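So the structure is just underneath, and the comments pick up after that.
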Amino acid sequence: KARQGGLAYVWLRALHRNWRGWLLLTVLAAASIWLMSALHAARQQALEQAMVAGQVSRFLVDTFELADPAKRSARGAGQMSARQLLDHAALRAQQDLAGAPLELARMRTVLGEAYHNIGDPRLAQVLLSQAVEGLLEPSLDRRVEAAQVMASLSQEQTAAGNGVEGLRTAREGLALLPARGHPLARAQLYSASGLARINLQQFAQAETELHK
């Protein structure tokens with residue numbers, strides 16, 4: 001016991017004399033643990049995103065093969081229009097990805113943007129709204145990703161002449177973002193909000209938000 005007490009005394013004396021060094025070692029150890037944990041989380045997220053992106057890509061490739069005139073001619077079918085192709089892809093996504101909510105939400109985002117590109121804002125809004133709802137499901141809770149989709153949805157709503165709805169969507173998207181970080185998503189949402197305010201003739205507020 002005396003020996004144990006002596007060792008404890010020695011340790012306490014060493015700690016007292018070199019407390020700055022021990023504090024630095026403790027901070028470095030804690031920082032190393034945090035860094036390793038963050039790297040592991042980032043790696044897991046990257047792997048998940050790569051897997052989902054691969055599944056979405058395979059789905060799109062399978063769908064776009066229907067537009068190949070050679071393959072369709074072999075089956076005695078004519079060439080599909082871009083609109084027919086997107087309609088088929090949207091139907092397949094709903095059926096084939098029903099058990100994969102993250103892939104379905106991301107596919108709806110892609111298809112919503114595609115409908116925008118062919119000049120169908122109504123279906124673009126429908127699919128983007130469904131994507132947001134899916135990403136915000138408790139089982140996924142992808143708030144930042146949902147906020148990014150809401151920037152696109154807000155712009156679609158404003159372009160259709162509904163600045164009130166566009167502004168509401170943009171503000172709700174901003175509310176989903178954490179206080180710090182995600183500058184790209186934040187900039188996209190402020191831009192969408194600014195465009196909505198221009199639609200509502202709130203020019204001073206629009207200028208402020210477009211410069212954030």
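Observations on the structure shown:
- Shape class of the stretch 92-177 from the alpha-carbon gyration tensor: oblate, with a/c at 1.5 or above and b/c at least as large as a/b.
- Of the solvent-accessible surface of the stretch 84-194, computed with a 1.4 Å probe over protein heavy atoms with every protein chain present, carbon and sulfur atoms account for 52 percent.
- Counting Cα-Cα pairs of the stretch 133-212 in 10 Å increments starting at 0 gives whole-percent bin shares of 23, 51, 23, 4, 0.
- Shown are HIS211, HIS116, whose ranking by accessible area with a 1.4 Å probe and every protein chain present, most to least, is HIS211, HIS116.
The values are calculated or read from the model by the stated rules, or taken from the named source; none is laboratory data. Quick caveat: nothing in here was measured; it's all calculated off a predicted structure. Heads up: the accessible areas ignore ligands, DNA and RNA and are worked out on the full protein's heavy atoms, side chains in. Shrake-Rupley method; radii C 1.70, N 1.55, O 1.52, S 1.80 Å.
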